[in-house]
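What follows is a short report on a single structure.
What follows draws every value from the coordinates through simple rules; no lab data is involved. Only a predicted model underlies this, so the values are computations on that prediction, with no experimental measurement involved. FYI the Cβ positions are ideal-geometry reconstructions off the backbone, even for glycines, and counts take in every protein chain you see.
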Amino acid sequence: MEFEGIVTSVTAYRESDGIVNLLTKNGFVTFTAHGILKINAKLTSLCQLYNVVKVDLSQNKKSAHYTLQSGETLKSYKNLYENIEAMLTLGFIIELAKKTIDEENISSIYEAILVCLDAILMQKDLRTIRLAFLSHIINNVGLTLNVNECVRCGSKKGIISLSYVDGGFVCHKCLLSTDIQHKPLYIKMARYVMIAPLKEVVEKALPEFECNALFRDFYHFLSEQLDIKLKNFELLVKIL
Ligand SMILES: [Zn+2]
């Protein structure tokens, strides 16, 4: 049986075997890859983390367990292994996807991952790619922020805050002492990344300061709403 997907984890098993998790457009597939930790160099390079691969798997009739027979690498990140920020960005995207994918959003999230992986390979702006993917996830888990009008009065004018508690923009008339006042560029970029197509956003290099601020704020919003924490976020913050 043929599957196409992204290698999301490789775990050592017995002496030289690996257990590989593959994210496909229909969900996760787990298979055993014999000899990849020692003997079989061709399959070793196939089963590298974040590779996009096409694999041929055989299925055990009794246990339904899959075993790798052969395969080809469609995309590899070998040239980026030394680039810590690129690797942490890949890690962040996959970790976030793993925690938020469900039956309903899987095809949209899978497509989004491929768009981001391509952008990373094309050496587009990593900061923008992370923010774009995070915004896409927020939209896909039903936490969409209202970036069209003031969430309190409906006004489209005088927007000066993004309230994560209320889930959207706040105008100057409705601003409370507990709201944080944001700069116009922050407001403009928040609207842009929430609304623009992912494919378009990842081509850009958004302003560094606002991009980092939005990335942190969006992450904390999502993290609190879904009660999740990402290891790769903590590592990224250290190098930002
Ligand atoms: Zn208002």
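Per residue, the average separation of C-alpha pairs within less than 8 Å and at least 6 apart gives the stretch 56-132 a relative contact order of 22 percent. Pairs spanning more than 19 Å between alpha-carbon atoms, out of K157/K188; K75/K204; K61/K99: K75/K204; K61/K99. What whole-number distance in Å separates the alpha-carbon centres of the stretch 6-38 and the stretch 63-86? Distance between centres, Cα-based: 9 Å.
For the chain, adding -39500 (n - 2.57) for each run of n ≥ 4 DSSP H residues and dividing by the number of residues yields -12500 deg cm²/dmol at 222 nm.
What is the local net charge at I106, summed over the other residues whose Cβ is closer than 12 Å to its Cβ (Lys, Arg +1; Asp, Glu -1)? My count for the surroundings of I106 gives -2. Based on Cα contacts under 8 Å between residues 6+ apart, the chain shows a relative contact order of 15 percent. Kirkwood analysis of the Cα pair distances in the stretch 2-76 returns a hydrodynamic radius of 12.0 Å. Rg/Rh, computed from the Cα trace of the chain with Rh as the Kirkwood radius, has the value 1.05.
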